[in-house]
1. If we scan the stretch 6-27, do we find a residue that is farther than 30 Å from A171 by Cβ, in contact (Cβ under 8 Å) with a residue 12 or more places away in the chain, buried (at least 21 other Cβ atoms within 10 Å of the Cβ) and of a type in the set (A, V, I, L, M, F, W, C)?
2. Please specify each residue of the stretch 140-184 satisfying the condition of being over 11 Å from S8 (Cα atoms) and either aromatic (F, W, Y) or within 12 Å of ligand 1 (Cβ to nearest atom) (or both).
3. Go through the residues of the stretch 46-64 one by one and say whether even a single one is farther than 25 Å from R123 by Cβ and either in contact with a helix residue (DSSP H, G or I) (Cβ under 8 Å, 6 or more places away or on another chain) or within 16 Å of ligand 1 (Cβ to nearest atom) (or both).
4. Just the residues that are among the β-branched types (V, I, T) and modelled with pLDDT of 90 or more, please, taken from the stretch 66-118.
5. Out of (1) away from ligand 2 (no atom under 16 Å from the Cβ); (2) without any contact (Cβ under 8 Å) to a residue 60 or more places away in the chain; (3) more than 22 Å from V244 (Cα to Cα), the odd one out for S51 is which?
6. State the number of residues belonging to the stretch 212-248 that are of a type outside the set (V, I, T) and within 30 Å of W81 (Cα to Cα).
7. In this structure, is T149 assigned to a loop (DSSP other than H, G, I, E, B) and either away from ligand 2 (no atom under 16 Å from the Cβ) or within 15 Å of the chain's Cα centre (by Cα) (or both)?
8. Which pairs have Cβ atoms under 6 Å, sit 6 or more apart or on different chains, and link a residue in the stretch 210-233 that is touching a residue at least 24 places away in the same chain (Cβ under 8 Å) and surrounded by 14 or more Cβ atoms within 10 Å (Cβ to Cβ) to one that is small (G, A, S) and assigned to a helix (DSSP H, G or I)?
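The values are calculated or read from the model by the stated rules, or taken from the named source; none is laboratory data. Computed from a prediction, not measured in an experiment: that's the story for all the values here. Cβ atoms come from the backbone with ideal geometry, glycine included; neighbour counts cover every protein chain shown.
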Amino acid sequence: MQVVSISSLKGGVGKTSVTLGLASAALAAGIPTLVVDLDPHADATTGLGVSLGAGKQLGIGEMLRTARRAELSDNVVPSGWVANARRLRKGTVGRKPVLDVAMGSAYSGIYDRPDLSRRDVRRLTTLLSRVTGYGLVLIDCPPSLNGLTRMAWTASNRVMLVAEPALFSVAGTERTMRALELFRAEFAPNLGPARIIANRVRATSNEHAFRLAEMKQMFGDLVLTPTIAEQANWQQIQGAAHSVHHWPGESAKQSAATFDALLKNLTDSGGVRNRVARRPVA
Ligand SMILES: Nc1ncnc2c1ncn2[C@@H]1O[C@H](COP(=O)(O)OP(=O)(O)O)[C@@H](O)[C@H]1O
Ligand SMILES: [Mg+2]
């Protein structure tokens, strides 16, 4: 089971969008997948077509609180995308598609502190240790490097950092890489170096081209390909709580192909190899 954290230092760079895109690609590829929505705002849960509080299932915050006892598998909810996938595949044989969600909850916010204890930092690892049957777990992190993101990193074997090709994003990614290196040395020796995903890339922007080149120079092959383009109908697709693979039109098709390739490169890449991340020249 591959456990991948999708994180970044700040909000609005596209963590949730990348999580949803990868989940969509995994569903299309028939990989049984669990999305853990660790952001107290629960955007990924909404985007996956799950209504918060509709059933009896616990949200992730409540599960973390009782990590030793709570059964994650009793509390996950199937994504609303699955029914669509079934309908589109009607008449074909094959395994039932699996895309489950451990729902986000405001309660998880109590763990988003900078001073989380060693015991608390392992809560998600404890929860996931009893889970079987998924090929992939995607963890959508909140926009900080506080307790929740650290919990996610501890439970992961890969970390993806989402960055926009802009000045402060590149600097922020560098800082996050350093924080991750320190964290890895102390808490998670098996965690591979972070991979970086550039999001909202505008092909016509000179500034973006310059920042992308800078990122590649700084981080080398840790920058995953392909990069993700700025997409005009993105909000519309997300607002409809739809999988990009099920959305009509050419631009959605291109986005879907981008996430297929990213998922493949992510799962094929040496992210679990224990290799030291390249450091930028000071
Ligand atoms: N590639 C993209 N093209 C267009 N809009 C995007 C893209 N990626 C993200 N967005 C939009 O930017 C906003 C923030 O993205 P989101 O994924 O919620 O970021 P985060 O989870 O890091 O806070 C959302 O409205 C989302 O639809
Ligand atoms: Mg988000």
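1. First, pick out the residues of the stretch 6-27 that are farther than 30 Å from A171 by Cβ: 24, 26-27.
Next cut, in contact (Cβ under 8 Å) with a residue 12 or more places away in the chain only: 24, 26-27.
Subset that is buried (at least 21 other Cβ atoms within 10 Å of the Cβ): 24, 26-27.
Filter again for of a type in the set (A, V, I, L, M, F, W, C), leaving 26-27.
Yes, that holds for at least one residue.
2. Passing the criteria: W153, P165, F168, F183.
3. Checked against the condition, which is being farther than 25 Å from R123 by Cβ and either in contact with a helix residue (DSSP H, G or I) (Cβ under 8 Å, 6 or more places away or on another chain) or within 16 Å of ligand 1 (Cβ to nearest atom) (or both), the stretch 46-64 yields at least one hit.
4. So in the stretch 66-118, the residues among the β-branched types (V, I, T) come out as 66, 76-77, 82, 92-93, 98, 101, 110.
Selection gives T66, V76, V77, V82, V98, V101, I110.
5. If we test S51 against (1) away from ligand 2 (no atom under 16 Å from the Cβ); (2) without any contact (Cβ under 8 Å) to a residue 60 or more places away in the chain; (3) more than 22 Å from V244 (Cα to Cα), just (3) comes out false.
6. Keep residues of the stretch 212-248 that are of a type outside the set (V, I, T), which gives 212-222, 224, 226, 229-236, 238-243, 245-248.
Then keep just the ones that are within 30 Å of W81 (Cα to Cα); that gives 224, 226, 229-236, 238-243, 245-248.
The qualifying residues number 20.
7. Numbers: assigned to a loop (DSSP other than H, G, I, E, B): no; either away from ligand 2 (no atom under 16 Å from the Cβ) or within 15 Å of the chain's Cα centre (by Cα) (or both): yes.
Answer is no for this residue.
8. Qualifying pairs under 6 Å: P226/A261; Q231/S255.
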